[in-house]
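S.K.: One structure coming up, written as structure tokens, with questions to follow.
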């Protein structure tokens, strides 16, 4: 494959969008539009781009977070989780509901939102629990607190689903 700069441009653009979208979580804790942006990058441009956007976007957010950087093990867990979320965006690519909006698409995107929230919270809370010697009760309590992320993703993903359908149509027209 000829490297014409499209990959780098897509990763840079969507990583910057993910960073800006994450700023919402400063004002509304555990609610972040970056999940939608990162998942969409994987949906539009494939697994490799989704991984790269998830990794770079979350790295930028964690390191340059206005509230301060997370500890290094937590940062690594967050970056790994978002890479997985970006790569999982391919699950929505090429489906019938990605061409035009449908009730099935709204339901699928609600499930994708749940899935991404769970993936992120299980990985990050699991690493925190293992590394910091906290009990599994701490892990369970963390998941309960993390319901804000999981539920908000289940709401935000279907809200942005029509936008993803439009972007998919535009990307398909590109040379």
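The values are calculated or read from the model by the stated rules, or taken from the named source; none is laboratory data. Everything numeric in this text was worked out from a predicted model, so none of it was measured. Don't worry about glycine lacking a Cβ; one is built from the backbone with ideal geometry, like all the others, and counts go over all protein chains shown.
S.K.: The conditions are (1) under 24 Å from residue 174 (Cα atoms); (2) crowded, with 17+ Cβ neighbours inside 10 Å; (3) touching a helix residue (DSSP H, G or I) at 6+ places or on another chain (Cβ under 6 Å), and residue 88 fails exactly one of them. Which is it?
M.R.: With respect to (1) under 24 Å from residue 174 (Cα atoms); (2) crowded, with 17+ Cβ neighbours inside 10 Å; (3) touching a helix residue (DSSP H, G or I) at 6+ places or on another chain (Cβ under 6 Å), residue 88 is out only on (3).
S.K.: While we're here: Name the single residue that is farthest from the chain's Cα centre (by Cα) among those in the stretch 87-112 being under 14 Å from residue 42 (Cβ atoms) and part of a helix (DSSP H, G or I).
M.R.: This residue is 98.
S.K.: Filter the stretch 141-154 down to the residues that are surrounded by 12 or more Cβ atoms within 10 Å (Cβ to Cβ) and part of a helix (DSSP H, G or I) and list them by number.
M.R.: 141, 142, 143, 145, 147, 148, 149, 150, 151, 152, 153, 154
S.K.: Only one of these conditions is not met by residue 127: (1) at pLDDT below 90; (2) closer than 20 Å to residue 48 by Cβ. Which number is it?
M.R.: Among (1) at pLDDT below 90; (2) closer than 20 Å to residue 48 by Cβ, residue 127 violates only (2).
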